[in-house]
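Q: Have a look at this one.
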Amino acid sequence: MSLPHSPWSEAGGDFAIGLRPIPEAAWLEGGEADPAARKDPLMAAHPAIVWGETPGSREAQAEALTLVEAVRGAQAGEAGLPPLLAAARRVSDDLCLMELRDGVWRLTALSLCAPSFFTAQAAQGKSLAELHAPVDGFEPRFGGRLERIFSGLRAGLILERRNWTVVNSDALFTPDSAPIRAQISQISPIEAGQVLHLRVERQTLRRLPATGGALFTIRIWRAPLETLDQDPERLAAFARAWRGATAEFRNYKGFASYDMLVEGFLRARGESYSVNEV
Ligand code: HEM
């Protein structure tokens with residue numbers, strides 16, 4: 001399957017805020033018949049990894065559920081579940097609730113069934129600055145802007161951003177990078193196109209007008225690197241983004257350990273130009 005998004009084509013290989021408004025009809029991307037069938041077993045097996053809520057968040061959770069029900073319709077039989085968890089069972093996306101607490105935007109509840117190397121337990125209650133502390137250079141570049149975006153978000157406006165990385169796994173549920181990275185040395189160059197995957201996060205942000213909170217959604221898309229063969233322009237853009245990625249971006253995403261495999265993949269497809277020619 002090819003990816004519905006190719007963020008490397010626009011943002012290249014650098015961190016970016018990259019938010020753009022989208023119509024309400026485009027808010028949540030579907031395509032998964034029964035998200036609850038995937039999420040319920042994860043909740044049973046790893047509750048602390050995939051779910052977290054803080055005291056006082058239920059009212060905003062209920063507002064988030066109302067927004068989801070407006071799109072997906074109401075569902076019986078979920079009485080007793082925390083409202084954000086009920087909402088998350090209806091959608092493919094992971095749902096993160098942000099609320100102002102003593103003047104600081106904090107993650108007050110989340111359902112996180114497709115984590116990209118973090119857990120609900122570790123993230124819940126954190127401020128935007130704390131959440132982004134592992135991202136090299138984030139705070140001085142983006143910290144203030146991000147706070148202003150959350151505080152100034154207009155009701156009815158829906159914003160979307162995408163990011164991308166390369167990872168040697170096709171799993172959606174990846175709370176920990178260590179077991180995945182431990183496999184890299186065993187990948188043979190010939191299988192790089194199948195084993196390495198493009199992992200794209202498509203995120204949206206919207207205000208919860210009644211409670212003043214903000215709902216952040218995360219949808220993961222992934223496809224083997226070799227799907228780039230279907231689209232020469234995407235392949236060329238990927239080669240440019242990979243080779244032109246900033247040191248901070250490469251370092252944060254651990255690209256050095258994939259360099260030989262990705263370069264071999266690109267050269268086998270005639271993508272042999274150097275960064276200087278891009
Ligand atoms: C719309 C507002 C936001 C923007 C512009 C933003 C931006 C970013 C950027 C640039 C990165 C680095 C990876 C990348 O995307 O290229 C990142 C990583 C991350 N963001 Fe955000 N972010 C936003 C909202 C949030 C929210 C609400 C959460 C709450 C769950 C969050 C949690 C994270 C986490 C956990 C990481 C990975 C940090 C790690 O490696 O541990 N972000 N974000």
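Q: Across segment 220-249, what is the total count of residues that are among the charged types (D, E, K, R) and assigned to a strand (DSSP E or B)?
A: Qualifying residue count, segment 220-249: 1.
Q: Mind listing whichever residues of segment 106-125 are open to solvent by 50 Å² or more (accessible area, probe 1.4 Å) and assigned to a helix (DSSP H, G or I)?
A: The initial filter retains those residues of segment 106-125 that are open to solvent by 50 Å² or more (accessible area, probe 1.4 Å), namely 106, 117-118, 121-122, 124.
Answer for segment 106-125, where residues must be open to solvent by 50 Å² or more (accessible area, probe 1.4 Å) and assigned to a helix (DSSP H, G or I): Gln121, Ala122.
Q: It is to be established whether one or more residues within segment 197-207 are crowded, with 19+ Cβ neighbours inside 10 Å and either in contact with a helix residue (DSSP H, G or I) (Cβ under 7 Å, 6 or more places away or on another chain) or at pLDDT below 95 (or both).
A: Yes: segment 197-207 contains one or more residues that are crowded, with 19+ Cβ neighbours inside 10 Å and either in contact with a helix residue (DSSP H, G or I) (Cβ under 7 Å, 6 or more places away or on another chain) or at pLDDT below 95 (or both).
Q: Also, I was wondering about something else. Inspect segment 87-100 for any residue being more than 12 Å from the ligand (Cβ to nearest atom), open to solvent by 70 Å² or more (accessible area, probe 1.4 Å) and either touching a Phe, Trp or Tyr at 6+ places or on another chain (Cβ under 7 Å) or in a strand (DSSP E or B) (or both) and give the result as yes or no.
A: For segment 87-100, residues more than 12 Å from the ligand (Cβ to nearest atom), open to solvent by 70 Å² or more (accessible area, probe 1.4 Å) and either touching a Phe, Trp or Tyr at 6+ places or on another chain (Cβ under 7 Å) or in a strand (DSSP E or B) (or both): present.
Q: Turning to a different aspect of this structure: Can you tell me which residue is farthest from the ligand (Cβ to nearest atom) among those in segment 222-232 that are open to solvent by less than 40 Å² (accessible area, probe 1.4 Å) and in contact (Cβ under 8 Å) with a residue 60 or more places away in the chain?
A: Only one residue fits best here, namely Thr227.
Q: Keeping to segment 126-156, report how many residues are surrounded by fewer than 14 Cβ atoms within 10 Å (Cβ to Cβ) and closer than 21 Å to Ala64 by Cβ.
A: Number satisfying all stated conditions: 5.
Q: Is it true that some residue in segment 262-275 is more than 20 Å from Ser169 (Cα to Cα), open to solvent by 50 Å² or more (accessible area, probe 1.4 Å) and hydrophobic (A, V, I, L, M, F, W, C)?
A: yes
Q: Another question, then. Would you kindly identify the helices (runs of 4 or more DSSP H) lying entirely within segment 1-51 that contain at least 3 residues that are at pLDDT 95 or above, away from the ligand (no atom under 16 Å from the Cβ) and buried (at least 16 other Cβ atoms within 10 Å of the Cβ)?
A: Those helices (runs of 4 or more DSSP H) span 35-45.
Q: Evaluate segment 158-175: report whether one residue or more is under 24 Å from Leu85 (Cβ atoms), within 13 Å of the ligand (Cβ to nearest atom) and hydroxyl-bearing (Ser, Thr, Tyr).
A: yes
Q: Can I ask one more? Name the single residue, out of those in segment 192-207 being within 13 Å of the ligand (Cβ to nearest atom) and among the hydrophobic types (A, V, I, L, M, F, W, C), that is farthest from the chain's Cα centre (by Cα).
A: So the residue we want is Leu205.
Q: Is it true that some residue in segment 74-85 is under 20 Å from the mean Cα position of the chain (by Cα) and either surrounded by fewer than 24 Cβ atoms within 10 Å (Cβ to Cβ) or not in a loop (DSSP other than H, G, I, E, B) (or both)? Even if it seems obvious, please write down each step before you answer.
A: Of all residues in segment 74-85, those under 20 Å from the mean Cα position of the chain (by Cα) come to 84-85.
Right, trim to either surrounded by fewer than 24 Cβ atoms within 10 Å (Cβ to Cβ) or not in a loop (DSSP other than H, G, I, E, B) (or both) and you get 84-85.
Yes, some residue in segment 74-85 is under 20 Å from the mean Cα position of the chain (by Cα) and either surrounded by fewer than 24 Cβ atoms within 10 Å (Cβ to Cβ) or not in a loop (DSSP other than H, G, I, E, B) (or both).
Q: Sticking with this structure for a sec: List every residue pair whose Cβ atoms sit under 8 Å apart, with the two residues 6 or more apart in sequence or on different chains, where the first one lies in segment 134-155 and is part of a helix (DSSP H, G or I) and the second, anywhere, is open to solvent by 30 Å² or more (accessible area, probe 1.4 Å) and not hydrophobic (A, V, I, L, M, F, W, C).
A: Filtered contacts from segment 134-155: Phe138/His132; Glu139/His132; Phe142/His132; Gly143/His132; Leu146/His132.
Q: Just the residues that are in contact with a strand residue (DSSP E or B) (Cβ under 6 Å, 6 or more places away or on another chain) and either open to solvent by 30 Å² or more (accessible area, probe 1.4 Å) or among the acidic types (Asp, Glu) (or both), please, taken from segment 174-196.
A: Within segment 174-196, just Gln194 meets the criteria.
The values are calculated or read from the model by the stated rules, or taken from the named source; none is laboratory data. Fair warning: this is a prediction, and the values are worked out from it, not measured in the lab. A quick note on method: Cβ atoms are made from the backbone with ideal geometry, for glycine too, and the neighbour counts reach across all protein chains shown. Just the protein is used for accessible areas: all its heavy atoms, side chains included, with ligands, DNA and RNA removed. Shrake-Rupley method; radii C 1.70, N 1.55, O 1.52, S 1.80 Å.
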